[in-house]
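Comments concern the structure below.
The values are calculated or read from the model by the stated rules, or taken from the named source; none is laboratory data. None of these values were measured; they are calculated from a predicted model. Every residue, glycine as well, gets a Cβ built from its backbone with ideal geometry; the counts of neighbours run over all protein chains shown. Side chains included, ligands, DNA and RNA excluded: accessible areas come from the protein's heavy atoms. Shrake-Rupley method; radii C 1.70, N 1.55, O 1.52, S 1.80 Å.
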Amino acid sequence: MASTQVALGIAGRSLKLIPRLPSTFIPSLVMPVFLTIAFSGPFSGLVRLPGFPAVKIIDWVVPMTTLMGSAFAGVTTGMGVARDLETGFYDRLLASPVKRSALIGGTLLAAVCRALIPICLLLVVALIGRAHFFGGLAGIGVLALAGFGMAFLAGCWAMSLALRFKSLQAAPLMAVGIFITVFLSTAQMPLEFLTGWLHTVARFNPMTNILALARQGFLGDVTWQHTWPGLVSLAGMATLLFAFAARSMQKVIP
């Protein structure tokens, strides 16, 4: 019970910092909206290619930018850990008689909760851009599920780096890791349109399955065939990155 209260307290503190330090959260809102506009305009002609799965380019782009926004919600949570390490506040948490699993759980809970804001914002952008919600509420549901999962993954990644570097100087590495993982997948083009090493990397990149999970409601009906690979990929990456975060937490010394 005490560990649960500690985790909830840490999560609550992280959420309260959003209005107090908006500069640490605004990038996770501005960036996905900017990417949506940037990709929807110049790449609008892609839908004319034979076999392109989307009716409008915004149907293809919004799920990707939603996952990016969710991921950066997780990254900003990890940046909060780095900031607390720099100020010495986190040392007091590490020295307190609480389980370190509660510290991890609270941070990841905050990351998932923070992701709700960019998810809702990008859904509004999709409505304004007249995206097709072929999957209805189920399509929105799998998009939200993928978004929350991305926030969890990014939270694990960012927190691990924060605990190892103990400095906000690790923030660029947190962001670069997300960009590389997303854009070396089917972020911009379907797998069958990619060639060479990009096709090979995207084929084995678990992010390809996660994007398929998020996009299916914008491209057609939600089906189990397009759902289970994304769930497996989320579970596999979550297991690895959570282990990375737990290992980093064990090594950190106040």
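Within the chain, the longest run free of trypsin sites (Lys or Arg not before Pro) that sit in a DSSP loop with at most 15 other Cβ atoms within 10 Å is 131-254. In this structure, R164 and V33 have a Cβ-Cβ separation that, at R0 = 30 Å, corresponds to a calculated FRET efficiency of about 0.45. For the chain, adding -39500 (n - 2.57) for each run of n ≥ 4 DSSP H residues and dividing by the number of residues yields -26000 deg cm²/dmol at 222 nm.
Using only Cα atoms and rounding to the nearest 10 degrees, what angle (0 to 90) does helix 224-251 make with the longest principal axis of the chain? Taking the Cα atoms of the chain, the angle to 224-251 is about 20 degrees. Cα centroid separation, the range 5-80 to the range 100-143: 9 Å.
Remark: the range 100-113, residue by residue, has Karplus-estimated 3J(HN,Hα) of 5, 5, 5, 5, 5, x, x, 5, 6, 5, 5, 4, 5, 5 Hz, where x stands for each Gly or Pro and the curve is 6.51 cos²θ - 1.76 cosθ + 1.60 at θ = phi - 60°. Protein heavy-atom accessible surface, 1.4 Å probe, per residue over the range 155-243: 49 Å².
Quick one: grab the alpha carbon gyration tensor of the range 1-134, order the square roots of its eigenvalues as a ≥ b ≥ c, and give me rounded if a/c is under 1.5, else prolate or oblate depending on whether a/b is larger than b/c. Walk me through the numbers before you get to the answer.
Values: a/c = 3.32, a/b = 2.72, b/c = 1.22.
Since a/c reaches 1.5 and a/b is larger than b/c, the shape of the range 1-134 is classed as prolate.
Each residue of the range 78-95 was assigned a 3J(HN,Hα) from its phi angle through the Karplus curve 6.51 cos²θ - 1.76 cosθ + 1.60 (θ = phi - 60°); the sequence is x, 5, x, 5, 4, 5, 5, 5, 5, 7, x, 5, 5, 4, 5, 5, 5, 7 Hz, with glycine and proline shown as x. Couplings 3J(HN,Hα) for the range 150-167, derived from phi with the Karplus relation 6.51 cos²θ - 1.76 cosθ + 1.60 (θ = phi - 60°), are 5, 4, 5, 4, 5, x, 4, 4, 5, 5, 4, 5, 4, 5, 7, 8, 6, 7 Hz, where x marks Gly and Pro.
With a Förster radius of 22 Å applied to the beta-carbon distance between W224 and L191, the computed FRET efficiency rounds to 0.70.
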